[in-house]
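The block underneath contains the structure these notes are about, expressed in structure tokens.
A short reminder: the numbers here are calculations on the coordinates, not readings from a lab. Every value quoted in this text rests on a predicted model; they were computed, and no experiment measured them. A quick note on method: Cβ atoms are made from the backbone with ideal geometry, for glycine too, and the neighbour counts reach across all protein chains shown.
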Amino acid sequence: MLKADCSVPDAKQHATTIIRTLRERGYQAYLVGGCVRDLLLSREPADYDVATDATPQQVMEIFPQTFAVGAQFGVVLVPLPKNESGASAVGR
């Protein structure tokens, strides 16, 4: 699952980039959860979640600067680029 802090202006773009990267490597990846509801209701999401069929290990290989914050539950933290603050979590 991916979570991107909305206080970061490019949180939505970061989530989209992660989805694109996972798909380019042959995995499925989709926005899920409250962000989908909020977007459908024209609200600003509090965070962005992404579900993928990639395992935590595969996510950590694709995004080397990750942290296994909840790998046993399928959650891996993917930090935003150095020039931005915040982080994202990718989960299965």
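Listing for the model above:
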{"read-out": "Protection proxy ranking, peptides 32-43, 16-27, average beta carbon neighbours within 10 Å, highest first", "value": "16-27, 32-43"}
{"read-out": "Segment residue 16-residue 57, extension gain: residue separation times 0.36 nm, minus the distance between their alpha carbons", "value": "12.7 nm"}
{"read-out": "Point-to-point label distance, residue 72-residue 39, nm (Cα→Cβ direction, 7 Å offset)", "value": "3.2 nm"}
{"read-out": "Spherically averaged projected area in nm², based on the convex hull that wraps the Cα atoms of the stretch 11-91", "value": "5.2 nm²"}
